[in-house]
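What follows is a single structure, written as structure tokens, with notes after it.
The values are calculated or read from the model by the stated rules, or taken from the named source; none is laboratory data. The structure presented is a predicted model; accordingly, all values stated were derived computationally and were not measured. Positions of Cβ are generated from backbone atoms using ideal geometry, with glycine treated the same way; all protein chains shown enter the neighbour counts. Note: areas computed on protein heavy atoms with side chains; ligands, DNA, RNA excluded. Shrake-Rupley method; radii C 1.70, N 1.55, O 1.52, S 1.80 Å.
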Amino acid sequence: MEPQTDLYKRAGVDMAAAESGLQQIIASVKQTWPAPGSPGAVKLDIGYFANVIDIGGIGLAICTDGVGSKSIIAQMMKRYDTIGIDCVAMNVNDAICVGARPVSMVDYIAIEKADAEILGAIAIGLAEGAKQAGVSISGGEISQLNEVIRGFDLIGMAVGTVPLDNGIHSNGLTLARHVFFERAKLSIDHVLPELGTPLGEELLRPTLIYVPEILDIISNIPTVKALINITGDGLLNLPRVDAKVGFLIDDLPPVPRIFRLIQQHGGVDDAEMFEVFNMGVGFCVLVSKNDAAPALSILHRHGRRAQVIGRVIADDSKGVYLPRQRLAGRAKVFKPT
């Protein structure tokens, strides 16, 4: 088996280089921030799922994200009518993590060569995602970049509103493609018995949008401490909360079959699986123990499968501990215990 850091890197993602580049970007962009109390003052540090800007006493939440290499799955399937849902989901699910009510989005489509049928299908997904999230698509941009890009890329930016006094608190597809299509040499329409559906259909399944139920929780659960979108980095997103605490996760739901198949066909160890994928946990809400049942009731009423998966513990190192999997995570790495 290849070392876990090499397998994802061989698939085309160098996390160490990305982190190094990110730190250089942060150092530069923070020089543009207005002084506190000035128009447009930035209210949060870099590292949250979204940021909040003070616009004359109104909190404007803002974030941006794209669909990543899931666009390649769409191209392989020649199906483009769901990828827009993912674009909306990646943005609005980040915005709600700072307690914001998403309001509107704009999109950016970079495409090798304009194709009316493809662009129309992408728009269908964007509209459906916006409907699910209760936001508008207020504009966008299309760039034909035949010397820069192969196929297309889809990116969005969402804005929302958030009270300034409220105590502000689609990933891993590159590795999945590497495992199934390069290492295992499976076709996009191959039906694995464990799935009962073509592989491409499973990988293209749209990202869930959590806006209605999370806004319901924010409105009705007084002890919400943090909201965490579990995307890239999986449960290692939990330490992004602004507190020196750790997380003991000892009752995870069953791992979806698609992740077990990635592990089986790629020889990927548990540590890397939990570093790259959400492993069946799409969103986490931190509330007091007494409010766990009411929060679960809201989620169930919205048709979501939800359960208590663990608890917050005192831990200055901000670790994520999975005792049943015998893993301990810090920063962006899980290690066996």
Could you list all residues from the stretch 278-317 that are of a type in the set (D, E, K, R), farther than 23 Å from residue 219 by Cα and either touching a Leu at 6+ places or on another chain (Cβ under 6 Å) or open to solvent by 50 Å² or more (accessible area, probe 1.4 Å) (or both)? 316
Any chance the stretch 126-144 includes a residue that's more than 22 Å from residue 176 (Cα to Cα), assigned to a helix (DSSP H, G or I), in contact with a strand residue (DSSP E or B) (Cβ under 7 Å, 6 or more places away or on another chain) and of a type outside the set (Gly, Ala, Ser)? yes
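How about the stretch 203-291: which helices (runs of 4 or more DSSP H) wholly inside it have at least 1 residues that are under 15 Å from the mean Cα position of the chain (by Cα) and of a type in the set (D, E, K, R)? Show your work before the answer.
Details: elements: 211-220, 257-266, 270-276.
Those helices (runs of 4 or more DSSP H) span 270-276.
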For residue 92, indicate whether it is under 28 Å from residue 280 (Cα atoms) and open to solvent by 50 Å² or more (accessible area, probe 1.4 Å). no
Would the stretch 132-147 turn up any residue that is open to solvent by 70 Å² or more (accessible area, probe 1.4 Å), under 24 Å from residue 76 (Cβ atoms), modelled with pLDDT under 95 and not acidic (Asp, Glu)? yes
When the residues of the stretch 215-240 are narrowed to those that are open to solvent by less than 20 Å² (accessible area, probe 1.4 Å), out of contact with any Cys (no Cβ under 9 Å at 6 or more places or on another chain) and of a type in the set (A, V, I, L, M, F, W, C), which ends up nearest to residue 50 (Cα to Cα)? 236
Give me the pairs, please: first residue somewhere in the stretch 94-111 and on the phi > 0 side of the Ramachandran plot, second residue anywhere and open to solvent by 10 Å² or more (accessible area, probe 1.4 Å) and of a type outside the set (Gly, Ala, Ser), beta-carbon distance under 7 Å, and either six or more positions apart or on two chains. 99/166; 99/168; 99/169; 99/218
Some residue of the stretch 157-178 being open to solvent by 30 Å² or more (accessible area, probe 1.4 Å), in a loop (DSSP other than H, G, I, E, B) and basic (Lys, Arg): no
Going through (1) more than 21 Å from residue 70 (Cβ to Cβ); (2) over 18 Å from the mean Cα position of the chain (by Cα); (3) among the small types (Gly, Ala, Ser) one by one, residue 184 fails only at (1)
Here is a list of conditions, (1) under 20 Å from the mean Cα position of the chain (by Cα); (2) at pLDDT 95 or above; (3) closer than 22 Å to residue 176 by Cα, and residue 79 meets all of them except one; can you say which number that is? (1)
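Which residue is farthest from residue 138 (Cα to Cα), if the candidates are limited to the stretch 81-125 and must be charged (D, E, K, R) and in contact with a helix residue (DSSP H, G or I) (Cβ under 9 Å, 6 or more places away or on another chain)?
Of everything passing the filter in the stretch 81-125, 81 is farthest from residue 138 (Cα to Cα).
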For the stretch 63-104, how many residues meet the condition of being assigned to a strand (DSSP E or B) and closer than 24 Å to residue 172 by Cα? 4
